[in-house]
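In what follows, a structure is listed as structure tokens, so that the remarks can point back to it.
Values in this text are rule-based calculations from the coordinates and carry no lab data. Just so we're clear, the structure is a prediction, and the values are computed from it rather than from any experiment. Reconstructed Cβ throughout: ideal geometry from the backbone, glycine too, with neighbour counts over all protein chains shown.
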Amino acid sequence: VKGAWPAIDPRPISATPPRVQDGTIGDVLATGAQAAGVIEGLPEALAKNVTIEHVRIEAKGTGFNIAYAHVKLDDVVVTVPDGAAVTAGPGAILSGAGARGTTK
């Protein structure tokens with residue numbers, strides 16, 4: 001959903017900022033989900049090196065929303081009733097063979 005993210009002011013990095021990095025979500029088949037999913041880091045601590053591969057999601061509501069994250073998408077199919085299958089929000093860098101979306 002474009003414009004779904006409120007403005008987030010970066011904060012100073014603490015001694016123990018949250019870290020999400022070097023993770024893979026793969027070989028997933030999901031039907032009946034309310035939303036395809038969300039991967040969202042922080043402006044001051046991006047989610048890095050996240051890979052989503054071989055994933056099929058049929059959502060009743062929204063597609064996959066990604067913000068403040070570096071995400072590689074390979075062989076990802078998201079089906080939603082309408083709207084974007086994958087939305088790159090602020091700070092999102094998407095790479096890989098990509099994702100394709102369908103609408104019902």
**Request:** Quickly rank 67-76, 17-26, 48-57 as a protection proxy: mean count of other C-beta atoms within 10 Å, highest first.
**Result:** 67-76, 48-57, 17-26
**Complete:** Quick calc, residue 30 & residue 93: beta-carbon distance into FRET formula, R0 25 Å, rounding 0.05, result 0.55
**Complete:** In nm, the gap between the two label points placed 7 Å beyond Cα toward Cβ at residue 16 and residue 54 is 3.6
